[in-house]
Each structure stands twice: as structure tokens, then as C-alpha cells.
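The values are calculated or read from the model by the stated rules, or taken from the named source; none is laboratory data. Only a predicted model underlies this, so the values are computations on that prediction, with no experimental measurement involved. Please note: Cβ atoms are built from the backbone with ideal geometry, for glycine as well, and neighbour counts cover all protein chains shown.
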Amino acid sequence: MSMDLEKRLNQILDRLVSDEFRKNIGLGHEIPFYVFDYPPERELQIREYIPSLLKQLARKRSDIAVQHINLFQLIIDYLKTRKLLHRAYKLQKEKGNTELLKALKAPLHASKIAKYFVEVVRPDKYDMIIMSGIGSAWPILRSHTLLNNLHPYMDNTPLVIFYPGKFDGQGLKLFSRIKDNNYYRAFRLVV
């Protein structure tokens, strides 16, 4: 793991338990969405890191209720509840990825996933939500469209997004290559 990434990872726990973070101090009434961007080639390290972070959070501050959600798994679960998963597998096998993406465009619209996210995750019951699986969910769902659709539902619950790519405070660049539409309403979790 690169030293820069390791240094940034080591800052996360203290940031998440800080009063500033938990009370949304200094956000100027903005929605508390935070991005931790990382080199996409470090995805496996981040997948290993998140469960460790959750354990450390529980040990350091057992009074903080945290929910971790993997976006890709959320999409799979949503397709299961809509009884679309097996049909999606069949369509992909018979007609390929392009046809599958066309067929899933309406059922997996970001507004529907945002509503499902809120039903399943229940952000009002937690002090913070941590989201991973952004890269795995692409191109089925674009992160900036989901974030825009989550705004009305999250209230003051901080959402921390582990993002495989770059976030410069103005826009997201998935896998450090695919530019999303500008998304400037999030904050960098750590520098």
C-alpha cells in the first residue's frame, strides 16, 4: 500500500469520531456527504480495511451507530425483491451486456435505488452510513446521480463514500478515468 494512502487511511478513524464530523460543524448547512477517494488499483486493500474500520469504530466509540452498505450488493438485493435478478442473468447470457443495461435502465433508475436505499439502510436510525461498492456498481448506476437522489432523504446523517478514483472537491472521476458530471456537494473526508 502506498505511504500516501496508508497515511490517509490512518486519519479516518479520528475524523469519524470527532465532534466536528458527528455534529456537521463547518458545513454551512450543506448535506454531510463525504468522499474518501483512493487509487482504484487499491480496491482489495480498501475492501479489507472497511471491516477493520468498523471494528475500530465500535471499540473507540460504541455509542456511535454505524451502518455499512455495499452499493453493488444493494442493487442485487433490489433486483431480487423486484424478482428481476434471474431474468437479468438470463438476458445478459442471451443478449449481452448492452441489452442488459438497456433493460435495467428504468428499474435501476437512481431515484428508485435512492428510495430503496433509505428503506433498507434507514439512515435516520444511524449516526453515520458508510458506502462502498461504487466501482462494482458501475455502469449500472452512476455515483453522482445516486448522491443527487439521496439528498432529500439523508437529512443530517453523514454519508461516507469510499470511491475508487479521484475526487477534487468539484467532480468525481471513477477509476481515475471516467469523468462523472460535476458533483460539488460532497466534502473530502481526509486530505
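All of (1) of a type outside the set (Lys, Arg); (2) part of a helix (DSSP H, G or I); (3) over 28 Å from Leu141 (Cα atoms) hold for Asp63 with one exception: (2). Asp127 fulfils the conditions (1) at pLDDT 90 or above; (2) surrounded by 20 or more Cβ atoms within 10 Å (Cβ to Cβ); (3) closer than 25 Å to Tyr78 by Cα except for a single criterion, (2).
Limited to the range 149-191, what total is found for residues that are polar (S, T, N, Q), closer than 24 Å to Arg15 by Cβ and either surrounded by 15 or more Cβ atoms within 10 Å (Cβ to Cβ) or in contact with a strand residue (DSSP E or B) (Cβ under 9 Å, 6 or more places away or on another chain) (or both)?
3
Listed here are the residues, each with its yes/no results for (1) in a helix (DSSP H, G or I); (2) under 16 Å from Gly133 (Cα atoms).
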| site | (1), (2) |
| --- | --- |
| Arg8 | yes, no |
| Glu20 | yes, no |
| Val35 | no, yes |
| Arg42 | yes, yes |
| Gln45 | yes, yes |
| Pro51 | yes, yes |
| Arg59 | yes, no |
| Asp77 | yes, yes |
| Lys80 | yes, no |
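The requirement of being of a type in the set (Lys, Arg) and either touching a strand residue (DSSP E or B) at 6+ places or on another chain (Cβ under 7 Å) or surrounded by fewer than 14 Cβ atoms within 10 Å (Cβ to Cβ) (or both) is satisfied by Lys80.
Of the residues Ala58, Ala65, which is touching a Phe, Trp or Tyr at 6+ places or on another chain (Cβ under 6 Å) and hydrophobic (A, V, I, L, M, F, W, C)? First the steps, then the outcome.
On the way: Ala58 fails: touching a Phe, Trp or Tyr at 6+ places or on another chain (Cβ under 6 Å).
The conditions single out Ala65.
Quick one: which residue in Ser18, Ser111 is touching a helix residue (DSSP H, G or I) at 6+ places or on another chain (Cβ under 7 Å), closer than 27 Å to Pro152 by Cα and either free of Cβ contacts under 8 Å to residues at least 60 places away in the same chain or exposed (fewer than 14 other Cβ atoms within 10 Å of the Cβ) (or both)? If you could, list the steps in order and put the result at the bottom.
On the way: Ser18 fails: touching a helix residue (DSSP H, G or I) at 6+ places or on another chain (Cβ under 7 Å).
When all the criteria are applied, what remains is Ser111.
Filter the range 57-98 down to the residues that are on the phi > 0 side of the Ramachandran plot and not basic (Lys, Arg) and list them by number.
Here is the first cut: in the range 57-98, the residues on the phi > 0 side of the Ramachandran plot are 83, 96.
Matches in the range 57-98: Gly96 only.
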